[in-house]
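Read the structure below first, then the notes.
The values are calculated or read from the model by the stated rules, or taken from the named source; none is laboratory data. On a predicted model such as this, the values are computed, not experimentally measured, just so you know. A quick note on method: Cβ atoms are made from the backbone with ideal geometry, for glycine too, and the neighbour counts reach across all protein chains shown.
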Amino acid sequence: MFITINHLDSHTNELIPMKQSNVIKALTVLSLMSVFVIGGCKKEVVKPTTINTVTVGQSVDSANFLRGFLDGEPVKFEGNAIAYHGYVDPDSLQGQGGSGDDHDAYYQSGSKWVILTGAGLASTNASVEIRSLAVRVFVSPLNANSSNYYSLLGAPIYAFSTHQDPSKGAYVSLRDKNGVLWTSAGDQDGSTLTITSRGANMNSYTVVSGTITCKMYDAEGNVKQLTNAIYTAALGI
């Protein structure tokens, strides 16, 4: 189908067919004008703001937390962790009496996350603890105050205590999603716990932050790697 477009001659008042090239030009101008008009009426599209969602392992609702990955499995403990400190005699714990000139007692300063069991007893879900050798003479424990515990949290890097040497170093425990307890009591060659910041001495506690990379052992001697672990918690002093 052909469409003839005429124009009026201003001198003769006669309709004269337009040349094909002029027709094309006219249609092009009309098309551009329609695009401009339609485009000018189009509402502005506002893109929604992207909100970063919380990923597993992040803590957003607690000042006390321990989070990381246990053999790739995300673990997170947070809430009102219990700050504690104390004086421990491993000999007494083992029922050996602890008599004589003994040098294996230690201070402990830590924080733990607990949950009530079915029997109403508190069970430790996770803990971060620093231990320091404390000399005692015979059966009399060495007196300790908050400055003793506060000072042992002053080093930036700690090795780990073990079953063979429980009196000095870091100790970590946590439960996996199946409730199995894993602890750092075992070979820890190459493992470290750091303290990247320490708050003021509040007489009964101080807030400590840091990182953990270590091996974790269950009661059967199985081992898993704790990686990308960070913590912030009030440790007892």
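When the stretch 174-191 is filtered for residues that are under 17 Å from the mean Cα position of the chain (by Cα) and free of Cβ contacts under 8 Å to residues at least 60 places away in the same chain, only 175 remains. Restricting attention to the stretch 152-177 and to residues that are within 17 Å of residue 126 (Cα to Cα) and aromatic (Phe, Trp, Tyr), the residue that is surrounded by the fewest Cβ atoms within 10 Å (Cβ to Cβ) turns out to be 171.
Looking across the stretch 183-220, the residues that are crowded, with 20+ Cβ neighbours inside 10 Å and either outside the structural domain of residue 70 (by TED's automatic domain parsing) or among the small types (Gly, Ala, Ser) (or both) come down to 184, 191, 210. The sole residue among 128, 223, 180 that is crowded, with 17+ Cβ neighbours inside 10 Å and at pLDDT 95 or above is 128. Residue selection: residue 162 satisfies the criterion of being under 18 Å from residue 90 (Cβ atoms) and among the β-branched types (Val, Ile, Thr).
Yes or no, residue by residue, for (1) of a type in the set (Lys, Arg); (2) closer than 22 Å to residue 86 by Cβ; (3) not in a strand (DSSP E or B):
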position	(1), (2), (3)
189	no, no, yes
195	no, yes, no
200	no, yes, yes
210	no, yes, no
215	yes, no, no
227	no, no, no
230	no, no, no
235	no, yes, no
